[in-house]
Amino acid sequence: MASILIVDDEPEATATLSKFLETRGYQTETAANGSEALERVRAIQYDVVMTDLRMPGMDGADFLARVRLEQPELPVVVMTGHTNLEGQDDVWARAGVQAVLQKPLNLREVSEIIHELLV
């Protein structure tokens, strides 16, 4: 069973995404910020990490940078509420991001991307 770490400071959104992925057969864990997520990534081998960008404390960008140093092959999906993402694919690719999802999340798109990353 593939394991997914969901990193977001919005408990309701995290719970919804976690439940959705679990109904698809994935094991999920959650973290409320980058610091907590980094501790989990250091302790547990995840198959995919999904992270928000704007969070209190260590934000998603800092978390991503640290994960890339420690586990450069770990697939990362960014979830963001930013509306101006046009033309930033190269920036995300250089940061090691496999996909960027716009909030509010389209759960069908989430399912497709997770499936593609794990095949």
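The values are calculated or read from the model by the stated rules, or taken from the named source; none is laboratory data. Only a predicted model underlies this, so the values are computations on that prediction, with no experimental measurement involved. Here the Cβ is made from the backbone with ideal geometry for all residues, glycine too, and neighbour counts use every protein chain on show.
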(request) Please work out which residue is modelled with the highest pLDDT, limiting yourself to the stretch 52-63 and to residues that are over 19 Å from residue 106 (Cα atoms) and crowded, with 22+ Cβ neighbours inside 10 Å. (result) 63
(request) Would you check if there is a residue in the stretch 64-80 being in a loop (DSSP other than H, G, I, E, B), at pLDDT below 95 and loosely packed, with under 15 Cβ neighbours inside 10 Å? (result) yes
(request) Filter the stretch 28-49 for residues that are within 16 Å of residue 14 (Cβ to Cβ) and in contact (Cβ under 8 Å) with a residue 60 or more places away in the chain and give the result. (result) 48
(request) Go through the stretch 6-51 residue by residue and tally those that are polar (S, T, N, Q), in contact with a strand residue (DSSP E or B) (Cβ under 8 Å, 6 or more places away or on another chain) and surrounded by 15 or more Cβ atoms within 10 Å (Cβ to Cβ). (result) 6
